[in-house]
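Written below as C-alpha coordinates is the structure these notes are about.
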Amino acid sequence: MAKAYTDSMLRLMEELGKLPGIGAKTAERLAYHLLRAPEADALQLADAIRDLKKNTRNCSVCYNITESDPCAICADPSRDKALICVVEQPKDLIALERTGAYSGVYHVLTGHIAPLEGIEPEQLTIAALVEKIRKGGVRELVMATNPNLDGDATALYIQREIAGLPVKVTRIARGLPTGSSIEHANVAMLSDAITGRHEVR
Ligand SMILES: [Zn+2]
(Lines give C-alpha, C1' and ligand atoms only; values in the text may rest on other atoms or scores of the structure.)
Protein backbone atom coordinates (compact mmCIF):
# COMPACT_ATOMS: atom_id res chain seq x y z
CA MET A 1 0.00 0.00 0.00
CA ALA A 2 2.72 2.43 1.06
CA LYS A 3 4.49 1.86 -2.27
CA ALA A 4 1.75 3.83 -3.99
CA TYR A 5 3.21 7.04 -2.54
CA THR A 6 6.48 8.74 -3.47
CA ASP A 7 9.06 9.14 -0.71
CA SER A 8 8.35 12.89 -0.50
CA MET A 9 4.61 12.31 -0.16
CA LEU A 10 5.21 9.72 2.53
CA ARG A 11 7.47 12.08 4.43
CA LEU A 12 4.96 14.95 4.27
CA MET A 13 2.09 12.68 5.36
CA GLU A 14 4.20 11.43 8.24
CA GLU A 15 4.95 15.00 9.39
CA LEU A 16 1.32 16.15 9.02
CA GLY A 17 0.18 13.06 10.91
CA LYS A 18 2.20 14.20 13.93
CA LEU A 19 -0.04 17.28 14.32
CA PRO A 20 -2.77 17.10 16.98
CA GLY A 21 -6.14 16.01 15.62
CA ILE A 22 -4.69 14.91 12.26
CA GLY A 23 -5.26 11.24 11.53
CA ALA A 24 -3.81 9.25 8.63
CA LYS A 25 -6.76 10.02 6.33
CA THR A 26 -6.58 13.78 6.94
CA ALA A 27 -2.79 13.75 6.55
CA GLU A 28 -3.24 12.11 3.16
CA ARG A 29 -5.90 14.63 2.11
CA LEU A 30 -3.73 17.59 3.18
CA ALA A 31 -0.67 16.17 1.44
CA TYR A 32 -2.61 15.79 -1.84
CA HIS A 33 -3.98 19.29 -1.42
CA LEU A 34 -0.45 20.68 -1.07
CA LEU A 35 0.76 18.61 -4.01
CA ARG A 36 -1.92 20.12 -6.24
CA ALA A 37 -1.61 23.67 -4.88
CA PRO A 38 0.51 26.22 -6.77
CA GLU A 39 4.12 26.02 -5.60
CA ALA A 40 4.06 29.58 -4.18
CA ASP A 41 1.01 28.81 -2.02
CA ALA A 42 2.47 25.60 -0.65
CA LEU A 43 5.81 27.26 0.11
CA GLN A 44 4.01 30.05 1.96
CA LEU A 45 2.98 27.43 4.51
CA ALA A 46 6.57 26.21 4.77
CA ASP A 47 7.78 29.81 5.25
CA ALA A 48 5.14 30.52 7.90
CA ILE A 49 6.31 27.51 9.91
CA ARG A 50 9.97 28.50 9.51
CA ASP A 51 9.26 32.13 10.56
CA LEU A 52 7.22 30.98 13.54
CA LYS A 53 10.10 28.93 14.85
CA LYS A 54 12.74 31.54 14.01
CA ASN A 55 10.95 34.63 15.36
CA THR A 56 9.08 33.46 18.43
CA ARG A 57 10.61 32.98 21.82
CA ASN A 58 9.49 33.16 25.44
CA CYS A 59 9.27 36.55 27.12
CA SER A 60 12.15 36.74 29.62
CA VAL A 61 9.80 38.30 32.18
CA CYS A 62 6.54 36.31 31.95
CA TYR A 63 7.38 33.38 29.58
CA ASN A 64 4.55 34.30 27.24
CA ILE A 65 5.21 33.57 23.55
CA THR A 66 6.53 36.69 21.90
CA GLU A 67 8.48 38.09 18.97
CA SER A 68 9.81 41.03 21.02
CA ASP A 69 11.37 40.68 24.45
CA PRO A 70 9.81 41.71 26.83
CA CYS A 71 6.42 40.89 25.35
CA ALA A 72 3.82 43.55 24.52
CA ILE A 73 1.99 43.02 27.83
CA CYS A 74 5.12 43.28 30.00
CA ALA A 75 6.27 46.32 28.01
CA ASP A 76 2.90 48.10 28.37
CA PRO A 77 3.31 50.89 30.98
CA SER A 78 -0.45 50.90 31.67
CA ARG A 79 -0.40 47.31 32.98
CA ASP A 80 -0.23 46.85 36.75
CA LYS A 81 3.11 45.07 37.32
CA ALA A 82 2.29 44.39 41.00
CA LEU A 83 -0.63 42.18 39.97
CA ILE A 84 0.46 38.86 38.45
CA CYS A 85 -1.92 36.28 37.01
CA VAL A 86 -0.45 32.76 36.96
CA VAL A 87 -1.57 30.65 33.98
CA GLU A 88 -0.51 27.26 32.66
CA GLN A 89 -0.24 28.06 28.94
CA PRO A 90 -0.04 31.05 26.59
CA LYS A 91 -3.46 29.91 25.29
CA ASP A 92 -4.94 30.63 28.75
CA LEU A 93 -3.39 34.09 28.73
CA ILE A 94 -5.00 34.81 25.36
CA ALA A 95 -8.40 33.62 26.66
CA LEU A 96 -8.11 35.88 29.72
CA GLU A 97 -6.96 38.85 27.62
CA ARG A 98 -10.06 38.43 25.48
CA THR A 99 -12.25 39.20 28.50
CA GLY A 100 -10.72 42.68 28.80
CA ALA A 101 -11.41 42.34 32.56
CA TYR A 102 -7.78 42.12 33.64
CA SER A 103 -5.20 44.91 33.77
CA GLY A 104 -2.27 43.22 35.49
CA VAL A 105 0.54 41.15 33.98
CA TYR A 106 0.98 37.37 33.70
CA HIS A 107 3.33 34.56 34.54
CA VAL A 108 3.14 31.56 32.22
CA LEU A 109 4.11 28.29 33.92
CA THR A 110 4.43 26.45 30.58
CA GLY A 111 2.38 23.55 31.94
CA HIS A 112 1.20 22.00 35.19
CA ILE A 113 2.71 19.62 37.69
CA ALA A 114 1.80 16.03 36.75
CA PRO A 115 4.08 13.45 38.35
CA LEU A 116 2.31 10.60 36.53
CA GLU A 117 3.16 12.21 33.20
CA GLY A 118 6.68 12.88 34.42
CA ILE A 119 6.19 16.65 34.72
CA GLU A 120 7.98 17.87 37.84
CA PRO A 121 7.91 21.43 39.24
CA GLU A 122 11.50 21.96 38.05
CA GLN A 123 10.38 21.69 34.43
CA LEU A 124 8.00 24.63 34.85
CA THR A 125 8.82 28.29 35.47
CA ILE A 126 7.88 28.12 39.15
CA ALA A 127 11.41 28.96 40.41
CA ALA A 128 11.41 32.17 38.34
CA LEU A 129 7.99 33.10 39.74
CA VAL A 130 9.13 32.56 43.33
CA GLU A 131 12.23 34.63 42.64
CA LYS A 132 10.08 37.43 41.21
CA ILE A 133 8.00 37.53 44.39
CA ARG A 134 11.03 37.28 46.64
CA LYS A 135 12.46 40.40 44.96
CA GLY A 136 9.35 42.28 46.12
CA GLY A 137 6.98 44.70 44.44
CA VAL A 138 4.28 42.08 43.83
CA ARG A 139 1.01 42.86 45.60
CA GLU A 140 -1.25 40.05 44.43
CA LEU A 141 -0.86 36.70 42.74
CA VAL A 142 -3.98 35.48 40.92
CA MET A 143 -3.91 31.71 40.55
CA ALA A 144 -5.54 31.02 37.18
CA THR A 145 -4.36 27.46 36.67
CA ASN A 146 -7.09 25.22 35.27
CA PRO A 147 -9.90 24.29 37.70
CA ASN A 148 -9.05 20.59 37.61
CA LEU A 149 -6.94 18.20 39.71
CA ASP A 150 -3.56 19.08 38.15
CA GLY A 151 -4.30 22.80 38.04
CA ASP A 152 -5.36 22.87 41.70
CA ALA A 153 -2.33 20.84 42.77
CA THR A 154 -0.02 23.18 40.85
CA ALA A 155 -1.60 26.26 42.47
CA LEU A 156 -1.25 24.65 45.89
CA TYR A 157 2.40 23.78 45.28
CA ILE A 158 3.16 27.41 44.35
CA GLN A 159 1.31 28.67 47.44
CA ARG A 160 3.54 26.46 49.60
CA GLU A 161 6.67 27.68 47.82
CA ILE A 162 5.86 31.31 48.55
CA ALA A 163 4.58 30.72 52.09
CA GLY A 164 5.76 33.52 54.34
CA LEU A 165 6.38 36.00 51.52
CA PRO A 166 4.34 39.21 51.72
CA VAL A 167 1.97 38.69 48.80
CA LYS A 168 -1.80 38.26 48.63
CA VAL A 169 -2.83 35.07 46.82
CA THR A 170 -6.21 34.77 45.11
CA ARG A 171 -7.80 31.99 43.05
CA ILE A 172 -10.09 32.71 40.10
CA ALA A 173 -13.73 32.29 41.06
CA ARG A 174 -15.44 28.95 40.59
CA GLY A 175 -17.82 30.19 37.93
CA LEU A 176 -15.84 27.77 35.84
CA PRO A 177 -17.05 24.19 36.25
CA THR A 178 -14.55 21.97 38.04
CA GLY A 179 -12.64 19.80 35.61
CA SER A 180 -13.01 22.35 32.80
CA SER A 181 -10.26 24.38 31.17
CA ILE A 182 -9.60 28.11 30.87
CA GLU A 183 -8.82 27.79 27.22
CA HIS A 184 -12.34 26.61 26.38
CA ALA A 185 -14.35 28.79 28.78
CA ASN A 186 -16.48 31.47 27.21
CA VAL A 187 -15.63 35.16 27.60
CA ALA A 188 -18.47 36.02 30.03
CA MET A 189 -17.67 33.09 32.30
CA LEU A 190 -13.98 33.90 32.35
CA SER A 191 -14.62 37.58 32.92
CA ASP A 192 -16.70 36.68 36.02
CA ALA A 193 -14.03 34.26 37.18
CA ILE A 194 -11.24 36.80 37.17
CA THR A 195 -13.20 39.72 38.64
CA GLY A 196 -14.77 37.45 41.28
CA ARG A 197 -11.47 35.94 42.42
CA HIS A 198 -11.16 35.24 46.13
CA GLU A 199 -8.34 35.30 48.62
CA VAL A 200 -6.90 31.87 49.46
CA ARG A 201 -4.54 32.94 52.18
ZN1 LIG B 1 6.00 39.18 29.12
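Among the protein heavy atoms of region 50-105, carbon and sulfur supply 51% of the accessible surface, probe 1.4 Å, non-protein parts ignored. For Lys53, the lysines whose Cα comes closer than 20 Å to its Cα, not counting residues fewer than 8 places off in the same chain, are Lys18, Lys91. Only alpha carbons enter this Debye calculation for region 56-95, each as an equal point scatterer, and the log10 of I(q)/I(0) it gives at q = 0.17 Å⁻¹ is -0.42. The trypsin sites (Lys or Arg not before Pro) found in region 1-55 that occupy coil by DSSP, while having at most 16 further C-beta atoms within 10 Å, are Lys18.
Here's how it looks for Val169: its modeled amide H is under 5 Å from those of Leu141, Val200, Arg201, which are all 5 or more places away or on a different chain.
Springs between Cα atoms under 10 Å define the GNM used for the chain, and in it the highest mean-square fluctuation of Pro115, Pro166, Pro20 occurs at Pro20. Mind grabbing the base-10 log of I(q)/I(0) for region 76-124 at q = 0.23, 0.24, 0.25, 0.33 Å⁻¹? Debye formula, identical points on the C-alpha positions, no solvent, two decimal places. Log10 I(q)/I(0), no solvent term: -0.83, -0.87, -0.91, -1.21. If I build a Gaussian network model for the chain, linking alpha-carbon pairs within less than 10 angstrom, which residue out of Asp152, Asp51, Asp41 has the largest mean-square fluctuation? Answer for the Gaussian network model of the chain: Asp41. For region 58-148, trypsin sites (Lys or Arg not before Pro) meeting the loop criterion (DSSP other than H, G, I, E, B) and having at most 10 other Cβ atoms within 10 Å: Lys135. Per the Debye formula with a single identical scatterer at each Cα and no solvent contribution, what log10 I(q)/I(0) holds for the chain at q = 0.09, 0.11 Å⁻¹? Per q value, in the given order, log10 I(q)/I(0) is -0.46, -0.63. Within the listed set Pro121, Pro38, Pro77, the Gaussian network model of the chain (springs between alpha-carbon atoms below 10 Å) gives the highest mean-square fluctuation for Pro38.
Residue-wise HN-Hα couplings along region 23-32, as the Karplus relation 6.51 cos²θ - 1.76 cosθ + 1.60 with θ = phi - 60° gives them from phi, are x, 4, 4, 5, 4, 5, 4, 5, 5, 5 Hz; Gly and Pro carry x. Note that the chain presents 58 Å² accessible area per residue, ligands and nucleic acids not counted, probe 1.4 Å.
Please report, in whole Å³, the volume per residue of the convex hull around the C-alpha atoms of region 112-201.
Enclosed volume per residue, from the Cα hull, is 97 Å³.
For region 20-160, the share of DSSP beta bridges that are antiparallel, to the nearest 5, is 25%. Of all lysines in the structure, those lying under 17 Å Cα to Cα from Lys135, and not within fewer than 8 positions of it along the same chain, are Lys81, Lys168. Helical runs assigned H by DSSP (4 residues or longer) give the chain a calculated mean residue ellipticity at 222 nm of -13000 deg cm²/dmol, each run adding -39500 (n - 2.57) before division by the residue total.
Here the Karplus relation 6.51 cos²θ - 1.76 cosθ + 1.60, evaluated at θ = phi - 60°, turns the backbone of region 126-138 into coupling constants of 5, 4, 5, 5, 4, 4, 4, 6, 4, 5, x, x, 9 Hz, with x for every Gly and Pro.
The values are calculated or read from the model by the stated rules, or taken from the named source; none is laboratory data. Predicted, not measured: the structure shown is a model, and the values here were computed from it. Don't worry about glycine lacking a Cβ; one is built from the backbone with ideal geometry, like all the others, and counts go over all protein chains shown. Ligands, DNA and RNA are stripped out before the accessible areas are found, and what is left, the full protein with its side chains, is counted by its heavy atoms. Shrake-Rupley method; radii C 1.70, N 1.55, O 1.52, S 1.80 Å.
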